[in-house]
1. Using Cα atoms only, what is the angle between the long axis of helix 110-148 and the major principal axis of the chain, expressed in degrees (0 to 90) to the nearest 10?
2. Given R₀ = 35 Å, what would the calculated FRET efficiency be for Ser12 paired with Glu90, taking r from the Cβ atoms and rounding to 0.05?
3. What does the charge count around His171 come to, taking other residues whose C-beta lies under 13 Å from its C-beta (Lys +1, Arg +1, Asp -1, Glu -1)?
4. Show that you can apply the helix-only estimate: for the chain, add -39,500 (n - 2.57) for every DSSP H stretch of four or more residues, divide by all residues, and state [θ] at 222 nm to the nearest 500.
5. For Lys228, which lysines qualify as cross-link partners when the Cα separation must be under 21 Å and same-chain residues fewer than eight apart are set aside?
6. Show me the trypsin sites (Lys or Arg not before Pro) within region 133-204 that DSSP assigns to loop and that have at most 13 other Cβ atoms within 10 Å of their Cβ.
7. Are there trypsin sites (Lys or Arg not before Pro) in region 26-102 that DSSP puts in a loop and that have at most 12 other Cβ atoms within 10 Å, and which ones?
8. Which of Ala39, Leu104, Ile9 sits closest to the plus end of the dipole of region 1-107, meaning its Cα is farthest towards the positive end, when Lys and Arg get +1 and Asp and Glu get -1 on the C-beta?
Amino acid sequence: MQMKKTMIILFSIFAAVGIAMIVGSFVLLHAMNQFEENADEVPGVITDIKEHYDSDDKVSHDVYVKFWYDGEKYEDRRISSYSSEMYIGEEITLLYNPAYPNRLDVKGTKYWLFGILCGMGAIFLLVGSVYPVNMIIKSIKKKNLLRNGMALSATVEEIRWDTSLTVMGRHPYVIICSYHNPGKDVTYRFKSEGIWTNPEEVYPVGSSIEVMVDVNNYKNYYVKAQEKISEKIVDYT
């Protein structure tokens with residue numbers, strides 16, 4: 001249970017960061033629009049592109065230009081953006097506002113910057129929303145099965161880790177169980193939801209476990225493992 005809370009917090013942080021990035025992208029776009037409305041377009045030339053690395057060996061670039069404005073020459077002025085297609089000697093159109101002399105933008109980059117920030121925010125929001133939304137859907141399905149489903153007495157076949165999910169270096173356990181329908185001579189196998197406490201003490205291999213199924217579709221099922229485990233084991237880890 002503690003691990004589920006941790007996962008909800010982690011995914012909520014992802015979603016919050018995504019929302020903040022999306023909001024920030026629109027704030028940035030508004031600020032760039034205001035700057036552009038009061039800026040003058042001036043031709044410039046790229047004079048230098050400096051490459052440097054941070055402590056994580058990630059590379060970044062500073063681009064310097066020269067241009068003329070109102071009869072005065074400006075040199076070694078750093079612009080606010082970089083593209084891998086830029087090169088020394090390239091002629092570009094700059095946006096310069098004498099009211100903000102330390103700011104120098106390149107015409108046509110505002111939507112590119114907005115798209116990157118907004119797109120990253122959407123990815124963070126999507127990743128952060130997947131787990132909570134999935135939890136809500138499973139909760140609705142579980143309540144419906146507990147209320148309207150049919151109970152089967154299945155047999156625990158195996159307890160294993162679900163290696164498809166890793167949180168803080170840990171994998172949840174899943175219980176694999178089966179139910180044999182003698183009337184149809186068919187065996188149905190089921191898998192529990194992820195369990196963050198080792199269930200073997202409560203459900204050893206060969207023991208019985210209750211499975212709630214949709215009478216019309218056994219694919220829609222819920223293995224009642226967590227309820228009894230929570231009664232028998234109090235896990236604060």
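1. 10 degrees
2. Values: r = 44 Å, r/R0 = 1.27.
Result of the calculation: an efficiency of 0.20.
3. Details: positive: Arg160, Arg170; negative: Asp162.
Residues close to His171 contribute a combined charge of +1.
4. -12500 deg cm²/dmol
5. Of all the lysines, those that pass the test against Lys228 - Cα under 21 Å, at least 8 places apart if same chain - are Lys4, Lys5, Lys138, Lys141, Lys142, Lys143, Lys191.
6. Working: sites: Lys138, Lys141, Lys142, Lys143, Arg147, Arg160, Arg170, Lys184, Arg189, Lys191; in loops: Lys184.
Answer in residue order: Lys184.
7. Values: sites: Lys50, Lys58, Lys66, Lys73, Arg77, Arg78; in loops: Lys58.
Listed in order of number, the matching sites are Lys58.
8. Farthest towards the positive end: Ile9.
A short reminder: the numbers here are calculations on the coordinates, not readings from a lab. This one's a predicted model, so the numbers in the text were calculated from it and none came from an experiment. Methodologically, a virtual Cβ is constructed for each residue, glycine included, from the backbone with ideal geometry; neighbour enumeration extends over all protein chains shown.
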